[in-house]
1. Can you bin every Cα-Cα distance in segment 199-335 into 10 Å intervals starting at zero and give me the percent of pairs per bin, rounded to whole numbers?
2. What does the accessible area per residue of segment 297-365 come to in Å², with a 1.4 Å probe and no ligands, DNA or RNA counted?
3. Using a 1.4 Å probe and counting only protein heavy atoms, arrange GLU249, GLU82 so the residue with the most accessible area comes first.
4. Hey, what does the equivalent ellipsoid look like for segment 383-436, semi-axes from the Cα gyration tensor as sqrt of 5 times each eigenvalue, largest first, whole Å?
5. Using per-residue counts of other Cβ atoms within 10 Å, averaged over each peptide, order 284-297, 206-219 from highest down.
6. Can you return the aspartates and glutamates within cross-link range of LYS264? Criterion is Cα-Cα under 16 Å, with same-chain partners fewer than 8 residues away left out.
7. Relative contact order for the chain: what percent, with Cα pairs under 8 Å and sequence separation of 6 or more?
8. Report the semi-axes of the equivalent ellipsoid for segment 119-177 in whole Å, largest first, where each axis is √(5λ) for an eigenvalue λ of the Cα gyration tensor.
Amino acid sequence: FADGVDPDYGLLAFRRISERLGDTPWFLRMLRDSSGAAERLTRVLSGSRYIGELMEWIPESVAWLDSDELLRPRGGVLLQEEARAIQARHGTVVEAMRAVRALRRRELLRLAFGAVLGTLTIDELAAGLTTVSEVTIQATLRAVRREVVPPEDAALDFSVIAMGRFGGGELGFGSDADVLYVYEPNGVDPQRAHELALQLVAGIRTYSEDHRVPFDLDADLRPEGRNGPLVRSLDSYAEYYRRWSLSWEAQALLRARGVAGSVKLIDRFIALADDVRYPVEVAVQDLREIKRIKARVENERLPQGADRTRHLKLGPGGLSDVEWLVQLLQHAHAHRIPALRTTSTLDALEAAREAGLVPDAAAERLRDAWRLASRLRSANTLLSGQTSDVLPVDRGKLDGIGRLLEYPPRSATLVEEEWLRTARRARRAFEKLFYG
């Protein structure tokens, strides 16, 4: 514990977990016989409040530290089977969702172990977090639909579309899950179908809430943003995008991907989205509008008083720079370059490089900045247990983040300098390609 980032917290968490496990024979035996597991336990507890707080609710997770296999993320198929088995055992949505939330917390803890112990890459971590979110939404929708939609309205189709980093399979610890909701009446009275869809959305949002590990389903990327209807029929989406769609809404659809509900409806929505996000021709004023909005976002959305250079998402060279550049290229060129038709930021960046749209050196700098910002954001959340997009100024916190990223002890200055240098280089590449 003394070698960890926060020895006092590590000891406190260890005491609480030990009290929860009491005289459990396997726990005491593991600490006695497995030096590897004991060493891992001290590392995770003294290095991550996120883990310490979760382990208090799942103390049996200590046993995973004695097995490399148990520390690996569980696949989506296995989690789906478990979620379905949970719902088969529980008769009400309240009981089922209590168990589903426990499943989600358990898998988040498993992924956090892998992140802190260095057994997962940033890509594996993002894929694991995305899978857990997908399974949670799918299970929630099944449970809520069983309660809300009566047999006579069973023809109603309803789906959840992932957007943003969720749609790209790029979630980190603390990320919101951006979503759209869509339905198709299929013969159900239109007014009745809309009311049922609203009840499904309300149920999904209510029963997916978790006060211990927040799970925020953010629908702000829907047409008209926060002022628009929370759920629309497929025909309503089609009509809106045909008549009133703005450039930012086409841009938002670039990472749209179906994750739950009717597969048939998802396929139809994605076909609609393809026509909007991959147009045959893009007007110059539309590209100019995207650039204007990006500049406005930089000026208006940064928290008041925040140091721009330390903001990992909206600051110069941060996630937003890389993602907006990639999306601008996708919107302008994906119709003629099929490889650009992907929801993954890095896959699209690589496709743009191969197509000659981004020079090799610029692509490398943009990729390095995006990966480092993603790692720093997750490490910040793991360290403190609180979500933040800002690289801390406190030297102790910086050192803690560095330790999670496998820097040597007392590397606060090294972490800070590497981010500022990487972001500065990425910003230069971004400005030349985006505004040039």
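1. Binned Cα distances yield the sequence 10, 34, 35, 19, 2.
2. Result: 44 Å² of accessible area for each residue.
3. On the way: GLU249 5, GLU82 50 Å².
If we order GLU249, GLU82 from most to least accessible, we get GLU82, GLU249.
4. 27, 13, 8
5. Taking the mean over residues of other Cβ atoms within 10 Å, the ranking is 206-219, 284-297.
6. Candidates past the 8-residue exclusion: ASP157, GLU184, ASP235, ASP274.
7. RCO, the chain: 15 percent.
8. Whole-Å semi-axes of the equivalent ellipsoid: 30, 11, 8.
The values are calculated or read from the model by the stated rules, or taken from the named source; none is laboratory data. In this text, all values refer to a predicted model and were calculated from it rather than measured experimentally. FYI the Cβ positions are ideal-geometry reconstructions off the backbone, even for glycines, and counts take in every protein chain you see. Please note that ligands, DNA and RNA were not included when accessible areas were found on the heavy atoms of the full protein model with its side chains. Shrake-Rupley method; radii C 1.70, N 1.55, O 1.52, S 1.80 Å.
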